1. Within the stretch 14-27, how many residues are more than 19 Å from Q61 (Cβ to Cβ) and touching a residue at least 12 places away in the same chain (Cβ under 8 Å)?
2. Applying the selection to the stretch 29-41, what residues are surrounded by 10 or more Cβ atoms within 10 Å (Cβ to Cβ) and either in contact with a Cys (Cβ under 9 Å, 6 or more places away or on another chain) or not basic (K, R) (or both)?
3. If you go through the stretch 38-45 one residue at a time, do you hit one that is among the β-branched types (V, I, T) and within 25 Å of N62 (Cα to Cα)?
4. Scan the stretch 8-28 residue by residue and report those that are of a type outside the set (V, I, T), exposed (fewer than 12 other Cβ atoms within 10 Å of the Cβ) and not in a helix (DSSP H, G or I).
Amino acid sequence: MKFKKKNNQSIVKRFKLTAQNKIIRCSAFRKHFLRKKTGRFKQKLKNNSQVMSSDYKLIYQNLF
């Protein structure tokens, strides 16, 4: 009997897979110390980013 490989739950929580198989991540630097950051900088951090191609394979394997 084969065992199912568990997916990494920390990766599942942090990354989302789109319909075109792109991996989306949230921007960093948004949790605290926001008072000293400019409004334009915080506005830029609202957008989600695509994962770099060098990290794609590792994250994709652990999503499933």
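1. Qualifying residue count, the stretch 14-27: 2.
2. Answer for the stretch 29-41, where residues must be surrounded by 10 or more Cβ atoms within 10 Å (Cβ to Cβ) and either in contact with a Cys (Cβ under 9 Å, 6 or more places away or on another chain) or not basic (K, R) (or both): F29, L34, F41.
3. We begin by selecting, within the stretch 38-45, every residue among the β-branched types (V, I, T); these are 38.
When the remaining residues are screened for being within 25 Å of N62 (Cα to Cα), the result is none.
No; the residues of the stretch 38-45 include none that is among the β-branched types (V, I, T) and within 25 Å of N62 (Cα to Cα).
4. A19, Q20, N21, K22, A28
Each value in this text was obtained by applying a stated rule to the coordinates, not by laboratory testing. Note that the structure is a prediction, hence the values are computed from the model and not measured. Virtual Cβ from ideal backbone geometry, glycine too; neighbours counted across all protein chains shown.
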